[in-house]
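Following: one structure in C-alpha cells, then a few remarks.
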Amino acid sequence: MTLMGLVYYVSVGSCPEMPTLMFTRPSVTSSWPKGQGGFGRVALCKNKLDGRQYAVKKIRLKDRSPQVNEKILREVATLSRLQHQHIVRYYQAWVETEYGHRNILNAGGSRTAESSIFSYDDISLSDAGGGNKQESTYLYIQMEYCPRTLRQDFETYSSSFDVDHAWHLFRQIVDGLAHVHSQGIIHRDLTPSNIFFDVRNDIKIGDFGLAKFLKLEQLDHDQYLPTEAMGVSMDGTGQVGTYFYTAPEVEQKWPQINEKVDMYSLGVIFFELWHPFATAMERHLVLSDLKQKGDLPKSWAAQFPAQLNLLRRLLSPSPSDRPSAVEVLQSELPPRMEDEWLNDVLRMIQTPEDTYVYDRVISTIFNEDRLIAKTQCQHESSKKSTANTDNSELLDTIIEVAKEVFKRHCAKRFQISPLHTLEGNFTENREKTVKILTQGGEMLELCYELRTPFVMSIAGNQTSSFKRYEISWVHRRAVGHSSPYRFLQGDFDIIGGASPIPEAEIIKVALDLGTRFYDPKALVIRLNHGKLAEAICSWAGVPQEQRQNVAEFLSSTLVQYWPNKAERKSQWSLIRGQLLQDLRLSEEVVEKLHKADQRFCGSADQVLSRLRGTLFYDKSACKALDDLSALLKCLRVWLAEEPVTIDVLMPPSECYYTDLFFQVYSKEGNHGPSFHEKLLAVGGRYDWLMEQAWDKAHKSKPPGAVGVSIALEKFLPNNPSSDLGLPRLLSRIEPSISVLVCSRGGGGLLNERMELVAELWKANIKAQFVPQEDPSLQEQYEYASDHDIKCLVFITESGLSQTDLVKNEPNLWLLVSLKLPGESSVFCSNIVQAHHNHAFWLPCKNGKAWLSAVLSALPWTEGQRYTLWPQPEMCID
C-alpha cells in the first residue's frame, strides 16, 4: 500500500513570508495502515532523513462546517500543550490544499519540529475548500508512532493476565491522565482504543479530538457533529464517546462537567484490566450489567475486594464522590520504591535543623541552563500571544478614564504592592493565589485581589473615614504549567458612613465608569443581601453543609443569565438533574429553588413585595429587605435609565461580602441566541472583614466599609482597530478643587445633597457629602477638615446669615450658600462677588448647573476666599 511520507528541506527563496522548514510528499511504501480515528485517517509514515517512523493524521477541513473545523483544530491545540511520558507525543502540524491532483503547502500552517505550541490562528479556515469542487484543504498532524492499542492487547489478555502487570499499566494510565487534567483539559473519550503502547511497551494516551478545556464551564454537546464524523460508538445514546465508558452526567447533558467524567471512564478500563474476557459476548454482557445496574460478577468481587472498593468509587453516579487522578496516584496504588525514596527526600526537606537537601533542591530548580532551555521552548507561543493582544494604548486610556471618575468622587490612591510575603491572616483564597519561590527559598504571593491589603492598612492605622482607589493587575493561577493569568482591576472603597449611602455611591461610581463605554440602558444592576440569601436557603430547605456547593453551582450555571428570561428558564431542565444526583438535594428542595428563581429574581420593586409576603416571619430577612429598600431609595436619586433587579440566588463574589452586595452587567447582542451579559463590576459591604482585621486592643469599634471591584479590561472594544472614540472619553477639564456639599436643617436634605453632588460630578468637579442622613453642622466641618476639603456648599431650607455659617471655621477657602425654596423652584443667576466689589452675570436658570458653572469659572488661588450669595429677590417660587 502506498502511503504518504515526509521530507524536510531548507528553503533558499527570498520571500520573507516563507518558513524555513518545508514539506514535500514523496511516496513511501508501508504494509501497516493505522486506520481511521475520530476525526480523520491515520497513516504510518517514515521520514527519509532520520529514518524514524511517525503517525500522520490527515483531516479534511470542510468549508461548509466551520464548527466541525474548530473542533478538529482543538485536537491540534490540545496535543501541543501535552508533553508527558505517557501522552502520545505531538511533533508538528501543517495545512495543504489540493487542486485536483496537485498539492500546495499552505506555509502559514507549518511549524518547526522544535515548537510545541500550535495556535488556532496559524491555520486559515477561509481557504478550506473555497468554491472549487476540485479544491480540498487538509490538516496534517505528525505524531509519535504507537504500534498497538490497549483494546488490541485486551484481545489476548485472558491468557497473559498478571496482577503486577495490571497495576503497572493502570499506574501509567493514571499518571498520564493526571497530567492531562493538570493542564486543564478533559479527555472526554477515554477508552482502550485511545490508549496506546509505544515501541517500549509503555502506555500512551492519545486521540484528543473530543477534548475540552476545563476553563470552559458549559458543556457543548457537539450538535454540529454528524454521527458518522465522530468515529465512535454511539450505542443508541447519541452521546460523545463510547457507550460503556460514558459518564452518566454526559449522557444526561448536565450543564456543568469536569474532569471526573474521565475518572468514570477510567473505572471501566480499570475493571477490564482486572477482569479478562474470554469472548466479545461475555464482555458485552458483563459491561452492560455494570453500566445499567452497577452489578459485578460475584466471583470477581470476592477475589479482588480492594479493587472492588476503588472501582465503586470511580464508577460513582455522583462526580463529586469519584477520586481525582492525583488522589488515586497518592493513596490507591501499591507503593513503589521510587515513592519511598521520594518521601525520604521530602521529609529531609522539611527538617529545619539540616537545610542541605533543601538548598540542593532549590539550587537545581534555579539552575540557569535549565531555565533558559525552558524559556526558549515557550518563546514562540508567548511571542505570538503578545503580538496579538497588544492593547496597551487602549488600556492606558481606560485607566485614565477610571482615574478621572474615581477622583471626581474625591478618592485618593492607595497603592498596593504587587508582591508580598505569605501571611497567616485571611487564608480563604490562599489555594487560588499565584505563589513564587525565591532563590533563597522564601515563598511570595502575587497580588490576588486589591481589597484585603488595603483593609489591613486601614485597620493598622485605625482610620475611621477614607475614600480610596487603586488600579493594578491581579493574578490568577493558570492551568498546568502555563504562565499565571493577569487581569486589570480598578477598586473603589469608602470607609465609614451610614448604610446604604456608601453602597449607593460605589454603585454610582461603577455606573459612571460604565456609561463612558456603554449605553446606560445596556447596564443592569443585580442586588442581593447575605442574610436574604441565607433565608432563601432555609426557606427552600437546603442543608447547611450543602449551601456553599449549591451557591457555587448556581453561580456558574444559572446566575450568568438574566432573571425571568428564556435562556435562564431553559437551564432548569439541565440543572435539576445535577442538583438531584451530584449535590443530592431532595425533589422538594430543588422545586423550591426553582420557585425562588421564578418568583424572587427579577424587577426589584416586584420582588421586594413578594419576599415580604413570604419571609415575614424571619426577622433577619426582614432587616435585609429593609436594607435593600433603603438602597433602592438612594439609587433612584441617581439612576435614570439603568434597571435594578434582585437575584436571591446570586452568591457573593467574595466571602467577606456578608450584607448588601451587587453585580453590574452589560447587555450585549439582541435578545436571541447571541444575547449574553458581560460582568463588569462586583462589590458590597464588608464590615465582617474590617472586624476581623481590627486590633481588639483598641477600644474603638471598626467603621463600616464598602467597595467595588471593576474589570477594566472588559471595557476594551470588541474591534479595537475600528474604534477611534476612546481618546475622546477623557474630559478636557482637569478637576482642581474638592467640594463638600453640606446641609443645614430640613432633616439633612439627603436627596438634595445627592442630586447636587451628581451635578458637580457631571461637570467634572470633585465633590462629596457626608454619608449620613442628617449630619450636624459640626460633623460636616470635621469631615471637611479630616478630608482636607476647603470648599463647602450649603443647602438650606431658609436663609442663613454668613456669621452663622463661618464663625466656627474661619480657615475655609470658599463658602457658598444656596437658598432652597423647594423642588420646583428656579434659582437666580446674578452672583455678587462680595470681596472684590464687582458682579458678573451667568445666564442660567437651573440652580445645580448654575453652581457648577460658578465653581468652574472662579479663579482659584491659594488662601483666597469667596462668599457667594444668590440675591433673594431674584428667587422665583
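Please tell me if Asp359 is at pLDDT below 75 and over 30 Å from Asn258 (Cβ atoms).
Working: at pLDDT below 75: no; over 30 Å from Asn258 (Cβ atoms): yes.
Judged against the criteria, Asp359 is not a match.
Residues that are within 14 Å of Phe662 (Cβ to Cβ), at least 3 per element: which helices (runs of 4 or more DSSP H) completely within segment 461-561 meet that?
Working: elements: 501-514, 530-540, 547-557.
Result: 501-514, 530-540.
Those residues that are crowded, with 22+ Cβ neighbours inside 10 Å and outside any loop (DSSP other than H, G, I, E, B), I need them from segment 251-263; list them, please.
Lys260, Val261, Asp262, Met263, listed by residue number.
Could you please let me know if Asp207 is crowded, with 16+ Cβ neighbours inside 10 Å, modelled with pLDDT under 85 and outside the structural domain of Tyr90 (by TED's automatic domain parsing)?
The answer is yes for Asp207.
Within segment 163-186, is there a residue that is surrounded by 19 or more Cβ atoms within 10 Å (Cβ to Cβ), touching an Asp or Glu at 6+ places or on another chain (Cβ under 9 Å) and outside any helix (DSSP H, G or I)?
yes
Could you run through segment 432-451 and say how many residues are polar (S, T, N, Q) and touching a residue at least 40 places away in the same chain (Cβ under 8 Å)? Let's see the steps before the verdict.
Going residue by residue through segment 432-451, those that are polar (S, T, N, Q) are 433, 438-439.
Restricting the remaining residues to those that are touching a residue at least 40 places away in the same chain (Cβ under 8 Å) gives 433, 439.
Residues flagged as polar (S, T, N, Q) and touching a residue at least 40 places away in the same chain (Cβ under 8 Å) within segment 432-451 amount to 2.
Kindly indicate whether Asp344 is in contact with a helix residue (DSSP H, G or I) (Cβ under 8 Å, 6 or more places away or on another chain) and either in the same structural domain as Leu585 (by TED's automatic domain parsing) or among the charged types (D, E, K, R) (or both). I'd like the intermediate steps shown before the answer.
Working: in contact with a helix residue (DSSP H, G or I) (Cβ under 8 Å, 6 or more places away or on another chain): no; either in the same structural domain as Leu585 (by TED's automatic domain parsing) or among the charged types (D, E, K, R) (or both): yes.
Against the criterion (in contact with a helix residue (DSSP H, G or I) (Cβ under 8 Å, 6 or more places away or on another chain) and either in the same structural domain as Leu585 (by TED's automatic domain parsing) or among the charged types (D, E, K, R) (or both)), Asp344 does not qualify.
The values are calculated or read from the model by the stated rules, or taken from the named source; none is laboratory data. None of the values given here were measured: they were computed from a predicted structure. Cβ sites come from the backbone with ideal geometry, for glycine too, and all protein chains shown count toward neighbours.
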